[in-house]
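*Asks:* This is the structure I want to talk about, given as structure tokens.
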Amino acid sequence: MFMLRPNDPLYPEQWHFTLIGDIEAIWQDYDGAGVLVGLNDSRPDRFHPELDGNFDLTLSLGPAYDSHGPLMDAHGTAVVGIILAEANDQGGIGLAPSARFGWFSFVYQGNADSLAESVAYDVINNSWGFTPDFDRHKDLSDPESEGWALNEHLRTAADMGRGGLGSISVHAAGNDALNAIGEWFSGSRYTISVAATERDGFAALYSSHGSSVLLTAPAAALTTDALGENGYVPEDYVRDFGGTSAAAPVVTGVIALMLDAAPGLGWRDVKTILALSAGQTGSAPDATAPAQTEDGLWQSLGHHNWNGGGQLYHVNYGYGMVDVYAAVRMAEAWLTMTKGPATSANETVISASAALDDPVPIAPPIRGTPQVTRITIEVTEEIQIETAYLSLQWTHDAARDLTIRLVSPDGSSVMLLNREDFGRPAPGTEYSWTFGIEALRNLSSEGSWTLEVIDHLRRDPGTIDGVELTFHGSPASPDTIHSFTDDFLFLAGLEDGRRLVTDTDGGIDWLNLAAIAGDITADLRSAGQVAVAGVDWFQLARGPASFENLYAGDGDDRLSGNRLDNHLIGGRGQDRVIGHVGADRLEGGEGRDLLRGGSGNDLLLGGAHHDRLRGEGGSDSIDGGRGNDVLTGGSGADHFLFDRAFGSDQITDFQTGQDQLHFSLALTGGLTVARDILARFAQVTDTGLLFDFGPRQQLLLGGVTALDDPAADIRTYDLA
């Protein structure tokens with residue numbers, strides 16, 4: 001089921017689709033088929049005509065579906081409709097209309113064991129949660145807390161779900177307008193915490209915030225409703241649903257499409273891609289004051305490989321608005337650019353503690369001016385951070401008077417606590433909390449980290465009693481993926497330094513432009529320029545070439561390599577949307593190149609060395625150039641071009657009667673008749689039909705013993 005545009009009559013009213021990128025382009029390739037969604041919620045109305053075809057009773061775990069609690073419920077029905085309401089020419093539509101779902105419920109069952117059911121699903125939606133009030137029973141690291149027990153079940157799902165790739169848990173950040181880091185679910189690295197925006201793209205007034213939020217999504221309003229008296233309204237559709245309960249399933253639907261496109265992604269890959277592909281929303285990054293519903297400003301993290309600079313983070317939006325187009329296109333490309341899926345099995349973990357011989361007093365204000373108490377944590381090991389945990393023990397008469405920040409070695413500052421209300425405990429209360437942090441992704445762990453504590457009222461003394469940092473992520477590596485999104489020009493207008501892209505630490509590096517829809521022109525040589533849709537975007541640093549590889553997007557691209565061993569991938573052609581094919585030009589340089597055309601009608605030009613050229617889909621024209629090359633046309637009717645001094649080449653999949661060989665007259669000595677060329681230059685060998693034009697000029701058609709129609713299979717051309 002692939003569609004250009006849904007015929008469902010309420011689709012135009014589903015305003016959340018207008019905020020999350022070009023989903024109609026994605027629907028032409030993916031619709032969630034084969035993806036299993038777990039609905040951890042109140043019981044949905046499985047008889048709703050938008051859901052009945054996608055419900056799988058065998059996937060509904062725990063108590064029998066119809067034997068526990070109310071027969072049907074509006075909340076679960078609304079949530080799952082946002083994810084996968086069917087494309088059936090009635091009502092609205094879900095993001096992944098061909099995904100299947102099953103139901104289980106911590107909400108109804110009310111015990112930790114129900115979350116163990118998560119392991120059975122590919123992606124699980126949790127549009128529920130706890131008040132983030134820093135209650136000790138919601139602390140991640142306390143083995144006696146409910147939060148710890150629940151998190152262990154999510155750990156099992158991440159470790160064992162999807163055959164070890166990991167089940168992916170999406171969580172609503174909450175509707176309390178509080179710091180979401182104050183409850184375990186949002187702080188767990190096994191969850192994707194989602195905040196909500198209104199239809200203007202600004203934070204919803206009620207949406208919880210904090211450094212544990214990964215990204216944001218629109219609070220979808222129009223969705224399915226339970227039938228009859230169990231629904232919110234008499235009709236079968238509700239138009240005023242909302243809250244982070246409605247934002248989380250938007251992200252769940254996006255993930256279902258990502259897994260349809262790239263089922264081999266690990267659960268950690270999914271989180272990384274969502275963060276990298278998210279778009280700007282709310283206040284501009286150069287705003288000097290938060291908007292009315294915002295709790296902070298955008299900040300740029302210290303690394304340099306996202307849109308030419310540091311990735312942006314905001315406590316209300318995480319890394320930004322979910323972008324279904326960018327996320328799915330990056331998902332398709334991701335495992336080509338990495339060393340394999342990122343899972344629990346290959347996650348790297350390191351820890352470091354502050355050396356505190358005695359409790360450190362928290363400095364009180366001086367004449368009304370708050371003072372900063374600083375504690376340094378030295379981290380000697382280096383990993384690339386994904387999620388960080390700060391475990392803190394402190395004693396204070398009123399924790400609600402404190403601001404607590406964590407500052408990275410490069411100066412990136414993360415707000416953990418900002419005068420949150422811990423209630424009114426007795427004087428000298430001992431506190432302990434583990435802060436789960438998503439706001440440090442892609443930074444290096446190595447160096448001096450600083451805990452900053454500010455006491456805003458003089459009358460409440462306190463001490464810091466213990467500090468430990470734990471980082472989860474990937475091993476440090478010089479192999480870098482530089483990712484770009486459609487926000488680049490906007491960000492480069494604010495920070496001109498983003499227009500010069502550098503990589504000086506060696507390694508095998510990628511320019512990841514898979515999320516870019518426009519036509520890309522790229523030259524990977526020193527000081528080479530990258531342009532999109534005829535507009536210059538950025539320049540590569542002058543000096544020895546440092547970028548080996550590039551993954552392009554849906555446009556009609558022209559890619560040129562350099563002296564290094566290049567891997568250039570053209571992706572789709574932009575005009576695929578209207579039923580045509582793309583026209584990518586992939587040009588190798590002087591290294592050992594791997595060129596892949598993708599699904600369009602592509603021109604692949606090898607360089608001077610031993611290259612591998614793959615046309616893949618479409619009708620491609622392939623010229624290996626000099627060197628000993630391996631050429632694969634793919635599924636279309638392909639054209640293979642050969643001139644003098646082309647090397648010793650092999651075509652792996654030549655289809656007689658479909659593909660064509662094009663020999664220059666200089667190569668054939670002026671012969672133009674196919675049968676004469678065969679008689680003079682070709683012979684059958686054990687491995688296929690071999691054309692021998694002289695020293696270092698041999699072509700093997702692997703597995704071919706004869707040409708059915710030589711006149712159709714062989715053409716000549718004159719370069720003069």
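The values are calculated or read from the model by the stated rules, or taken from the named source; none is laboratory data. These numbers come from a predicted model, not from an experiment. All Cβ positions, glycine included, derive from the backbone under ideal geometry; neighbour counts span all protein chains shown. These accessible areas exclude ligands, DNA and RNA; they are computed on the full protein's heavy atoms, side chains included. Shrake-Rupley method; radii C 1.70, N 1.55, O 1.52, S 1.80 Å.
*Asks:* Going by the structure shown, is His303 more than 13 Å from the chain's Cα centre (by Cα) and closer than 27 Å to Leu154 by Cβ?
*Replies:* Answer is no for this residue.
*Asks:* Would you check if Gly627 is at pLDDT below 95 and buried (at least 16 other Cβ atoms within 10 Å of the Cβ)?
*Replies:* yes
*Asks:* Listed residues Asp56, Asp45, Asp41; which is of a type in the set (D, E, K, R), modelled with pLDDT under 95 and open to solvent by 10 Å² or more (accessible area, probe 1.4 Å)?
*Replies:* Asp56
*Asks:* Let me ask something additional. When residues of the range 487-517 are filtered for being among the small types (Gly, Ala, Ser) and part of a loop (DSSP other than H, G, I, E, B), how many remain?
*Replies:* Counting residues in the range 487-517 that are among the small types (Gly, Ala, Ser) and part of a loop (DSSP other than H, G, I, E, B) gives 5.
*Asks:* Answer yes or no as to whether Leu595 is modelled with pLDDT under 90 and open to solvent by 10 Å² or more (accessible area, probe 1.4 Å).
*Replies:* Considered against the rule, which asks whether it is modelled with pLDDT under 90 and open to solvent by 10 Å² or more (accessible area, probe 1.4 Å), Leu595 comes out as no.
*Asks:* Another question, if that's okay. Tell me whether the range 410-427 contains one or more residues that are over 26 Å from Ala180 (Cβ atoms), part of a loop (DSSP other than H, G, I, E, B) and free of Cβ contacts under 8 Å to residues at least 60 places away in the same chain.
*Replies:* Yes, because at least one residue in the range 410-427 is over 26 Å from Ala180 (Cβ atoms), part of a loop (DSSP other than H, G, I, E, B) and free of Cβ contacts under 8 Å to residues at least 60 places away in the same chain.
*Asks:* If you don't mind, there's one more thing I want to ask. Out of all the residues in the range 429-476, which are acidic (Asp, Glu) and either without any contact (Cβ under 8 Å) to a residue 40 or more places away in the chain or open to solvent by less than 30 Å² (accessible area, probe 1.4 Å) (or both)?
*Replies:* Answer for the range 429-476, where residues must be acidic (Asp, Glu) and either without any contact (Cβ under 8 Å) to a residue 40 or more places away in the chain or open to solvent by less than 30 Å² (accessible area, probe 1.4 Å) (or both): Glu430, Glu438, Glu452, Asp455, Asp460.
*Asks:* Does the range 534-551 contain at least one residue that is at pLDDT 95 or above, open to solvent by 50 Å² or more (accessible area, probe 1.4 Å), under 30 Å from Ile23 (Cα atoms) and assigned to a loop (DSSP other than H, G, I, E, B)?
*Replies:* Scanning the range 534-551 turns up at least one residue that is at pLDDT 95 or above, open to solvent by 50 Å² or more (accessible area, probe 1.4 Å), under 30 Å from Ile23 (Cα atoms) and assigned to a loop (DSSP other than H, G, I, E, B).
*Asks:* Same structure again: Let me spell it out: the conditions are (1) within 24 Å of Leu36 (Cβ to Cβ); (2) modelled with pLDDT under 95; (3) part of a loop (DSSP other than H, G, I, E, B), and Arg189 meets all of them except one. Which number is the exception?
*Replies:* The failed condition is (2).
*Asks:* Need the failing condition index for Ser526 against (1) open to solvent by 30 Å² or more (accessible area, probe 1.4 Å); (2) small (Gly, Ala, Ser); (3) not in a loop (DSSP other than H, G, I, E, B), just the number.
*Replies:* The one condition Ser526 does not meet is (3).
*Asks:* Continuing with this model, one more query. Applying the selection to the range 674-698, what residues are of a type in the set (A, V, I, L, M) and open to solvent by 60 Å² or more (accessible area, probe 1.4 Å)?
*Replies:* Those that are of a type in the set (A, V, I, L, M) and open to solvent by 60 Å² or more (accessible area, probe 1.4 Å): Ala679, Val684.
*Asks:* Check the range 507-515 and report whether any residue there is open to solvent by 10 Å² or more (accessible area, probe 1.4 Å), charged (D, E, K, R) and in contact with a Pro (Cβ under 9 Å, 6 or more places away or on another chain).
*Replies:* No, the range 507-515 has no match at all.
*Asks:* Every residue in the range 485-543 that is touching a residue at least 40 places away in the same chain (Cβ under 8 Å) and of a type in the set (S, T, N, Q), please.
*Replies:* Thr485, Thr502, Thr504, Asn512, Gln539
*Asks:* Take the residues of the range 352-396 that are of a type in the set (D, E, K, R) and more than 14 Å from Val453 (Cβ to Cβ): which is farthest from the chain's Cα centre (by Cα)?
*Replies:* Filtering first and then ranking leaves Arg367.
*Asks:* Please tell me if Ala195 is buried (at least 24 other Cβ atoms within 10 Å of the Cβ), in contact (Cβ under 8 Å) with a residue 40 or more places away in the chain, closer than 18 Å to Gly81 by Cα and hydrophobic (A, V, I, L, M, F, W, C).
*Replies:* Spelling it out, it is not the case that Ala195 is buried (at least 24 other Cβ atoms within 10 Å of the Cβ), in contact (Cβ under 8 Å) with a residue 40 or more places away in the chain, closer than 18 Å to Gly81 by Cα and hydrophobic (A, V, I, L, M, F, W, C).
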